[in-house]
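Bear in mind that the values in this text are calculations on the coordinates, not laboratory data. A quick note: this is a predicted structure, and the numbers were derived from the prediction, not measured. Cβ sites come from the backbone with ideal geometry, for glycine too, and all protein chains shown count toward neighbours.
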Amino acid sequence: MGTVTIGVSIAVPEPHGSLLQERREGFGDAAAQCIPTHVTLLPPTEIDEADLPAVDAHLGQVAGAGRPFPMRLSGTGTFRPLSPVVYVRVAEGAEECGRLQAQVRDGSGPVARELQFPYHPHVTVAHGIEEAAMDRAFAELAEYRADWSCTGFALYEQGSDGVWRKLREYPFGGTVVPPQAAHADRDTITSRPAY
């Protein structure tokens, strides 16, 4: 057995996931075709393939103790100039994402690791492309909104072709989803950005 590169993330559901993936590709980010739209809990991590069962068991425990929570994306942000990334902000659910990623990376678990930068939940919409295209992504998605109930996360593996594929989903142990925050000025779900 060799090594595999894995990641753990919360998938952005449809129709939002495909829309943001298409927009990312439209900005000229070729990686969009390889990466499902997501909020990262564990960044790309190389492990021994033999450790996958231990990772699976660990993620099952983390999910089993978890409870569904509201997620809301709203507006854009950037990590520039530190990192060439434009993203859609996680406006609600960020605290829960922070707790989850810490549990996934727990020092006693099979995927314990330090992060290169402090954890900041986000949905990447442009990475490593021309500055003008990054500016366009930042401006064109500034009014983007999406809401959903996060009910779990998933384990992904990066293939030799660079494409990330889902290995398994991990639903949370709880079944009750807290109510979405009231947004009187708009519909609960907005799947298209305003220009």
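What ranking do 5, 76 get, fewest neighbouring Cβ atoms within 10 angstrom at the top?
Numbers: 5 15, 76 22.
Listing 5, 76 from fewest to most nearby Cβ atoms yields 5, 76.
Backbone amide hydrogens, once placed in the peptide plane, bring residue 126 within less than 5 Å of 86, excluding anything fewer than 5 places away on its chain. Close amide H contacts of residue 168 (hydrogens built in the peptide plane, cut-off under 5 Å, sequence separation of 5 or more or a different chain): 155. Grouping the Cα pair distances of the chain into 5 Å bins from zero gives a pair-distance distribution of 1, 7, 16, 19, 20, 17, 12, 6, 2, 0, 0 percent in increasing distance order. 3J(HN,Hα) along segment 105-119, derived from phi through the Karplus expression 6.51 cos²θ - 1.76 cosθ + 1.60 where θ = phi - 60°, amounts to 8, 2, x, 8, x, x, 10, 5, 6, 8, 9, 5, 10, x, 5 Hz, with x in place of Gly and Pro. Convex hull of alpha carbon positions in segment 67-106: directionally averaged projected area 3.6 nm².
Computed about the Cα centre, the dipole magnitude for segment 3-171 is approximately 380 debye when only Lys and Arg (+1) and Asp and Glu (-1) carry charge, each at its Cβ.
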